[in-house]
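The structure appears right after this line, and notes come after that.
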Amino acid sequence: MDRREEQKKIMKKLISLLLAGAMVFLSCVPATAATNTLTMTSSTPITSGAILKNYTWDIADGNVKASVLEIDLNDPYVQLEVVPGKGKFTQRATVSNMANRTDAIAMVNGDYYNMKAEGAPIGTTVIDGELVSSQSYLIGVYCLGITSDRTAFVDEFSFSGSVIAANGEKRNLSGLNKTFYWEETTGLHSHIGRLHLYSDLWGGSKRGMDSYVGTPAEVMVKDNQVTAVAFDGGFDSAVPEGCYILHGDGGAADYLRENMKVGDIIQINYSYKPEKDWQMVIGGHALLVDNGQTVPYTKDLSALGGVRARTAAGISKDGKTVYIIAVEGRTSESKGITLGNLSLLMTKLGVWKAVNLDGGGSTTMVYRPLAETERKRIINPERNGAERSVVEGLGVFSNAPEGMVKGIFINGPKTLLIGETGEYTFKAYDQYYNPVKDTSVIELTEEAGFGKINGNKFTAEQAGTTTLTAVNGSSKNTLDVNIIGKEGLSALKLNIDQKNYADGSTHQLSAKATLTDGTAKDVHASALQWSLEGFDGTIDSNGKLTIGSLGDTKEGIVKASYDGFEATLKLKFVEDKKIQLTIDSKTLLKNGQTQAMDVAPTIVNDRTMVPVRFIAEAFEGTVDWNAENQTAYIVYNDNMVEIAIDADIIHVNGEAVTIDTPSQLLDGRTMIPLRAVAEGLGLSVNFDNATRTITITEN
């Protein structure tokens, strides 16, 4: 049995291609719409000759989110180009990466491809007027092409070619830069017994190899001359720049071995149809729309059906408008769409003829927003997952010169406090809707007199609402700025950086305002009117406090007023008293100095009990003990606490306070419930459970 018969037996069912995305089978017939309301949510130019329109469509399958790039081929500055992965076939890349690499204004994923093969489009690809990938031998697949006179067509393409050896022997050429597949026209394997041509756009080291292909022979050609041969398995490298590789299997390999040698001058001829002056062609799948009407999908739906993300391309009747359409699928914003409803959608958009592009998990659209230099996704991958790496993208480009400023965007704070300086940045686009690179030509102005302009900065000087204007020539844009006065504040808090006060020491003061809407904002020191009480010192316009002579002064007050709204900050020039104790330790630490106690703090009924006399005297308070009524009297800072042994009530400045753990005698010392008594004396208590340390400080 020869190889041809063997492959027929193996492949009883024709496989046109392994598609980039597994989809569930469903009918291509348009589904019944729920409201059938197609709503345009936005429309914006992204470059001269290209408009991005966004739509929502409420249909029975669920809400649909679609983005459409309308390309006006009458505009000489807009270009549609095919972008191979990372620059060559077999080198796949995401749509975002391709767009960033080539600085595309917008881009979608392109042709179908065999996910299990090297990574090459199934259809015709023409870049800059040169055929770089031939049409696979499939039935009923179409391509989008644009001719040199900037007219678009959706049509079926075909390829033919031949190679003539130096001795005159001729053999048909089956394709250019093709991976392996099964031909629908013949039912045969694309590479078994066939001769293929690969250019330096093919980035892989293997060409059309799968388990059905035998040992290939390859010939390297440059300028129609054979420069090297590899008759036993081919070259283990990519195609060198400026060269071609002829790849043959079976009888085609024999043809190369028998008829070619290094130094031979050979002829390689190929052509493709329709015969037009094509400048750009990208392959697709079956038709979606013809003559402005939906058409039945003619290809096998077993891997294409269902409600999915979709990508498609269409043209107007006169061929002067190209529509690039992407529908998001399986996200919270968009259920997706069937092929039938995709056809219906395109007719609603006015498309005359349309072809389906790779969809499902490959569908992605990115674009450059107006005045921006970076791209963003407008149609996300299914389930909002990571972008799939694909073999090529269809990109929108501009060759327009730099133009005059047409539109300006202002970015910066819309709310300022008096004395606050806001910095404003500009983004702009020119008359061709391309970003303006040098925004220094834009001037910031303010005419109402609510503050001062310095370059692109505005310093607010009085409360009210003013308007900032960014202007260049006849182009301008405005931004309203609200300058907050005292009526917009709910609180003003002062702070100081460090508290080691001494004669001549300097300290940075700061202020933070809370607005009536709850927003917190820093207040510049120059916006405040400062004053000092109780001590000598000065405050400069930046909020730097310089201490004068303190003498015996123990404390002072800093005051600040913002448009009449006042705040105070109390400064203590003498260090607060602080003691530390540790449970079950007889050591007391006072301001870093240790003292010994004859009884240690302890825990009773989950309450911390401490020796009263040592605590009071550490804070320079007094303790009197009345042995007759078993009561201790503690006096500190005009506060007095009476504590009777074993009583569940203490008296704070004459008022009875109930406690859950009574005081008690331990080793002749009165042990008091710390927190209740300390708070009665105006002290603060903090307990660190990890170290079992008690810290007591003045409030």
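Quick look at the values:
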read-out: Region 90-225: Rg to Rh, with Rh as the Kirkwood radius over Cα pairs; value: 0.97
read-out: Theoretical ellipticity at 222 nm over the chain - DSSP helices of four or more residues, -39500 (n - 2.57) apiece, nearest 500; value: -2000 deg cm²/dmol
read-out: Under the Debye formula (equal points on every Cα, no solvent term), log10 I(q)/I(0) of the chain at q = 0.09, 0.11 Å⁻¹; value: -0.86, -1.08
read-out: Debye log10 I(q)/I(0) at q = 0.15, 0.25, 0.27 Å⁻¹ for region 294-360, Cα point scatterers; value: -0.45, -1.12, -1.24
read-out: Under 29 Å from the Cα of LYS348 - lysines, other chains or at least 8 residues apart; value: LYS53, LYS65, LYS299, LYS317, LYS320, LYS335, LYS376
read-out: Bridge type composition, region 265-327 - antiparallel percent by DSSP, nearest 5; value: 100 percent
read-out: Solvent-accessible surface (1.4 angstrom probe) belonging to VAL154, in square angstrom, nearest 10; value: 10 Å²
read-out: Accessible area per residue, Å², region 299-400 with all protein chains present, probe 1.4 Å; value: 29 Å²
read-out: Surface share of carbon and sulfur [accessible, 1.4 angstrom probe, percent] for region 484-551; value: 46 percent
read-out: Accessible area, probe 1.4 Å, largest first, for residues ILE643, ILE265, ILE649; value: ILE265, ILE649, ILE643
read-out: Hydrodynamic radius by Kirkwood, which averages 1/r over all alpha carbon pairs of region 487-587, in angstrom; value: 15.2 Å
read-out: Partner aspartates and glutamates for LYS512 [C-alpha distance under 17 Å; skip if fewer than 8 residues away on the same chain]; value: GLU420, GLU487, ASP497, ASP522, ASP563, GLU566
read-out: The chain, relative contact order in percent, only Cα pairs under 8 angstrom and at least six apart counted; value: 11 percent
read-out: Long-range lysine pairs (8 or more apart or interchain), region 529-643, Cα under 29 Å; value: 22
read-out: Efficiency of FRET between ASP300 and LYS116 - r from beta-carbon atoms, R0 22 angstrom, step 0.05; value: 0.80
read-out: Spatial extent of region 551-616: Rg and Dmax, with the Cα atoms as the point set, Å; value: 19.2, 58
read-out: Estimated Rh, region 165-304: Kirkwood, alpha-carbon pairs, angstrom; value: 16.9 Å
read-out: Calculated SAXS-style log₁₀ I(q)/I(0) at q = 0.12, 0.17, 0.18 Å⁻¹ - region 541-699, Debye, Cα scatterers; value: -0.61, -0.98, -1.07
read-out: Heavy-atom accessible area ranking, 1.4 Å probe, most first, across TRP625, TRP182, TRP530; value: TRP625, TRP530, TRP182
read-out: Burial ranking of peptide ranges 106-113, 137-144, 411-418 (average Cβ count within 10 Å, highest at the top); value: 106-113, 137-144, 411-418
read-out: Cα-based reach from LYS406 at 20 Å (exclusive), listing lysines while leaving out same-chain residues under 8 positions away; value: LYS427, LYS437, LYS476
read-out: Region 365-493 - percent relative contact order, Cα under 8 Å, separation 6 or more; value: 23 percent
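The values are calculated or read from the model by the stated rules, or taken from the named source; none is laboratory data. These numbers were taken from a predicted model, which means no experiment stands behind them. FYI the Cβ positions are ideal-geometry reconstructions off the backbone, even for glycines, and counts take in every protein chain you see. Heads up: the accessible areas ignore ligands, DNA and RNA and are worked out on the full protein's heavy atoms, side chains in. Shrake-Rupley method; radii C 1.70, N 1.55, O 1.52, S 1.80 Å.
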